[in-house]
Amino acid sequence: MRICEVIGKVTLSRCHPSLQGATWRVVVPLDQHGLRDHKQGRGEPFVTFDELGSGDGSIVAISEGGEAVAPFYPEEKPLDAYCAALLDHIELE
């Protein structure tokens, strides 16, 4: 699971029928420096499936790979990344 910041939204003209009713978000992963200051410590952006209603600037937890489709079992969805949680507060020591 990675912690990421939402930086945008993807608009699709068509998608797989099992993916209706959710939003595709563009996120950037944050490392320890990025969690302290969102302007640095950022990785390469990627697209994730979001049913939780995140918005631009939201901090989210992303599941990837096999874990991304686990919440939908036994239904199968063609996903590689899933927004698993909206994070309100992160405390670093």
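The values are calculated or read from the model by the stated rules, or taken from the named source; none is laboratory data. Since the structure is predicted, the reported quantities are computational estimates derived from the model, not experimental observations. Cβ atoms come from the backbone with ideal geometry, glycine included; neighbour counts cover every protein chain shown.
Observations
- Counted residues, segment 25-79 - those being acidic (Asp, Glu) and more than 15 Å from Cys4 (Cα to Cα): 4
- Screening segment 58-67 for residues that are under 10 Å from the mean Cα position of the chain (by Cα) and under 18 Å from Asp80 (Cα atoms) and picking the one that is surrounded by the fewest Cβ atoms within 10 Å (Cβ to Cβ) gives Ala61.
- Taking segment 54-76 as the range and being at pLDDT 90 or above and either of a type outside the set (Ser, Thr, Tyr) or at positive phi (or both) as the test, the residues that pass are Gly55, Asp56, Gly57, Ile59, Val60, Ala61, Ile62.
- In the set (1) surrounded by 11 or more Cβ atoms within 10 Å (Cβ to Cβ); (2) more than 23 Å from Leu92 (Cα to Cα), the condition left unmet by Glu75 is number (1).
- Residue check, Ala22 of a type outside the set (Asp, Glu) and within 14 Å of Met1 (Cβ to Cβ): no
- Scanning segment 32-57 for residues being under 15 Å from the mean Cα position of the chain (by Cα) and either within 27 Å of Tyr73 (Cβ to Cβ) or surrounded by 11 or more Cβ atoms within 10 Å (Cβ to Cβ) (or both) gives a total of 14.
- Test for Gln32: is it over 11 Å from Ile62 (Cβ atoms), of a type outside the set (D, E, K, R) and touching a Gly at 6+ places or on another chain (Cβ under 7 Å): yes
- Selection of first residues in segment 1-28 that are closer than 18 Å to Gly65 by Cβ and of second residues that are of a type in the set (S, T, N, Q) and part of a strand (DSSP E or B), restricted to Cβ pairs under 6 Å at least 6 apart or on distinct chains, gives the following pairs, ordered by first then second residue: Met1/Ser63; Arg25/Thr48; Val27/Thr48.
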